[in-house]
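The values are calculated or read from the model by the stated rules, or taken from the named source; none is laboratory data. For clarity, every value in this text was computed on a predicted model and none was experimentally measured. Every residue, glycine as well, gets a Cβ built from its backbone with ideal geometry; the counts of neighbours run over all protein chains shown.
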Amino acid sequence: MSVSPNDPAEFEREIDLDAQQRGGHHYPHHAPSTEHVDRSDHLDRAEGAVVRMDEIVAGYIPGVNIINGADLYAQQGELVGIIGPNGAGKSTLLKALFGLVKVRSGTVTLEGEDITNMRADQLVARGIGFVPQTNNVFPSLTIEENLQMGCFQRPQAFTERFEFVSGLFPALADRRKQRAGSLSGGERQMVAMGRALMMDPSVLLLDEPSAGLSPVLTDEAFVRVREINKTGVTVVMVEQNAARCLQIVDRGYVLDQGRNAYTGTGRQLANDPKVIELYLGTLAKA
Ligand SMILES: Nc1ncnc2c1ncn2[C@@H]1O[C@H](COP(=O)(O)OP(=O)(O)OP(=O)(O)O)[C@@H](O)[C@H]1O
Ligand SMILES: [Mg+2]
């Protein structure tokens, strides 16, 4: 697909077209309310998911739970978004999935196998890629060296994976000898995503791929995320940029105080008056 990353209007058209194509693909047209009242919807739909989290309780400090019984799933090939206020626990939920925060109760499974509290390096070997919210590149290393770090568990795959990542991010290949610390925010984000893709993950976890980016670069980052998703990678993405995020995802979760507040397709959430009022409107930004 040829999408000019510098043309947000084109981005909009593509989003619309894609939403039409996806309409009703995974979900019935007469979808239920998006408010998360009980777990039955999750239990019905999470069956067979690539990755799923059930009733997760997690936190950093003993006795203080940040995640309070959250559920999440992603089916093969889905692009799933997590939005919610600052401090809601979005990053913590991703970290709990990736073995960086202790899961106190609940389960995490990958392709049906229990991976709860498995170490991050083991999860990488099993096909999960993670791009953290901050400090996600090695600034003193070159682009190429950063990408090498991404597949240090499987160095023989470097050439083939470098070619794949270069296809997605041609700018990285052109500047492979440049130190990551000298790159712009948008370019660093590409390096971070590229690094995570070096192991050919089946599931990619992205924590705020648009953090610190201008609106145009945000659109570009989202277009890249969709391109990655279209290659077959299941993506779970946390985003601060909630309205934009809901435009591109198949499905979304609103996380609030470590709990699922609302869930539904991107379109359902974006059009839900309660979600607009509480999480997307001017009140939400105040
Ligand atoms: N390393 C840590 N040690 C102790 N508490 C932490 C740690 N990291 C985060 N927290 C706390 O956990 C809560 C949730 O933080 P988290 O980073 O998951 O939120 P978030 O939804 O990602 O927010 P943001 O939108 O600002 O990125 C916050 O109250 C935060 O202070
Ligand atoms: Mg965060």
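Points worth noting:
- Selection within the range 66-79: residues that are within 19 Å of the chain's Cα centre (by Cα), in contact (Cβ under 8 Å) with a residue 60 or more places away in the chain and away from ligand 2 (no atom under 16 Å from the Cβ). The member of this set that is surrounded by the fewest Cβ atoms within 10 Å (Cβ to Cβ) is Gln76.
- Selected residue (only one of Gly99, Gly81, Gly77 is touching a Leu at 6+ places or on another chain (Cβ under 7 Å), assigned to a loop (DSSP other than H, G, I, E, B) and either at pLDDT 95 or above or not aliphatic (A, V, I, L, M) (or both)): Gly99
- Condition check for Ser140: of a type in the set (Ser, Thr, Tyr) and either outside any loop (DSSP other than H, G, I, E, B) or touching a strand residue (DSSP E or B) at 6+ places or on another chain (Cβ under 7 Å) (or both): yes
- The residue that is nearest to ligand 2 (Cβ to nearest atom), counting only those in the range 233-252 that are at pLDDT below 95 and either more than 16 Å from Thr265 (Cβ to Cβ) or polar (S, T, N, Q) (or both), is Gln240.
- Taken as a whole, the structure leaves Val249 outside the set of residues that are under 21 Å from Asn68 (Cβ atoms), under 16 Å from the mean Cα position of the chain (by Cα) and surrounded by 24 or more Cβ atoms within 10 Å (Cβ to Cβ).
- Per-region count, the range 87-132, residues within 16 Å of ligand 2 (Cβ to nearest atom), at negative phi and surrounded by fewer than 20 Cβ atoms within 10 Å (Cβ to Cβ): 3
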